[in-house]
Amino acid sequence: MSTFTMEPQYLYKLSTMGPRGQNTNDPVNIEHSCNMPHRYITVDYLGNCLLCHCDGWLPIPVGKVTDFDSIESVFAASSSKMLQQDIDDKKFSWCAVDHCGIRNSSVKQPGFELAINIDESCNLQCASCRREPIMHTKGPDFDFKIQCIERIITWLDKFDQPIRIVSSGNGDVLASHVMRPLLQKWKYKQSQTFTLFTNGLLLRKQLEKLPILSAIKMFSISIDAASQAVYEDVRRPGKWSVLLDNLKFLQEQQLNKLIRFKFIVQRRNYQDLLNLVQLVEQFDCEVDVTELQDWGTWSHFRTDNDDAWTQANGIYSDHDVLNPNHAEHKPAIQMLYSIKHHPKINLSQIVKQAIQ
Ligand code: SF4
Ligand code: SF4
């Protein structure tokens, strides 16, 4: 039933996270509504625009950034209209209805939002995320990404309605040579706010003198540790002292209440959860503690011919302490249990279920 021409990676995504509305023999019979395709644009690593906040839930590109002159024109594209109509009609033909929450309640995106996930460059190389360093600085793909960012700046200049811009979760914006022009050139309006996802190591160096600092309403800082030894193991080659200096920078600017730490629980860091309590109290901020997710970096199985990286870093199940079969499951659960009532610590639903 697919009426869109799509690159293989989107067809692959469409084949996962099923069933989609179009795959079921019967109508999905969902009475809830969703306004996401009228309000939300995600720009992915290929410079494609998608109309949901998860590109796995609705993996249908409606065009490249460079195809559009404005935010309004993205929502007005013929493929956008087709998706909007399908979802307004409650068919959800391409939606991952068992994953996105639409079966449980209506999805109401309150305002316009633009998520820019165009560059996976990062100054770190965490084992959970990548086997090789990724830093794009030249070449045709880099040039195209820069064109996209230049175009997005013109979109924001023209757009008069309130909008929240969310930076990449799949790389580090402050390290990205693609994203830096946005930070440096965008003349934000009062109605435009920014949520920055970052590992935090370049906050002082990149933001200290930039006007955009005032537009940032949330610093979502992935730390995954709360002590030097654990940090320098899970966030290689990051330095704990550098992270602390950058957190102090936000404190000096009186922005520390806008910090939200991210801590993904795994074998190498669960012992640090008590230190995490001290850290959030020291910086008077909050933390989201979430479960490990499989991003495809670790192998799933051991073999006789494991590559050197797997020999050094193990396989996914070695790290997944929320799995009841993991040798350290019990102490990890006890540690999570001991912090669960702290007012500044927010456990994800899956973590909460694991410790019940
Ligand atoms: S129904 Fe679900 S997948 Fe479809 S646009 Fe809404 S939130 Fe996204
Ligand atoms: S800091 Fe984030 S984006 Fe960078 S390598 Fe680590 S997990 Fe990946």
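The values are calculated or read from the model by the stated rules, or taken from the named source; none is laboratory data. Since this is a predicted model, take the numbers as computed values, not measurements. As a convention, Cβ positions derive from the backbone with ideal geometry for all residues, glycine included, and neighbour counts pool all protein chains shown.
Points to keep in mind about this one:
- The set of residues in the range 151-162 that are part of a helix (DSSP H, G or I) and either out of contact with any Leu (no Cβ under 9 Å at 6 or more places or on another chain) or under 16 Å from Ala175 (Cβ atoms) (or both) comprises Arg151, Thr154, Asp157, Lys158.
Matching residues to (1) touching a helix residue (DSSP H, G or I) at 6+ places or on another chain (Cβ under 6 Å); (2) farther than 26 Å from Thr5 by Cβ:
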position	(1), (2)
His53	no, no
Val62	yes, no
Val65	yes, no
Ser70	yes, no
Met82	no, no
Lys91	yes, no
Gln125	no, yes
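- Pair list, Cβ under 8 Å, 6 or more apart: the range 27-52 residue away from ligand 1 (no atom under 14 Å from the Cβ), other residue of a type in the set (Ser, Thr, Tyr) and at pLDDT 95 or above: Gly47/Thr66
- Qualifying residue in the range 190-198 (condition: outside any helix (DSSP H, G or I), of a type in the set (Val, Ile, Thr) and within 16 Å of ligand 1 (Cβ to nearest atom)): no
- Test: residue in the range 105-114 that is part of a strand (DSSP E or B), more than 16 Å from ligand 1 (Cβ to nearest atom), under 19 Å from the mean Cα position of the chain (by Cα) and of a type in the set (A, V, I, L, M, F, W, C): no
- For Gln293, the requirement of being polar (S, T, N, Q), surrounded by fewer than 21 Cβ atoms within 10 Å (Cβ to Cβ), in contact with a helix residue (DSSP H, G or I) (Cβ under 8 Å, 6 or more places away or on another chain) and closer than 27 Å to His319 by Cβ is not met.
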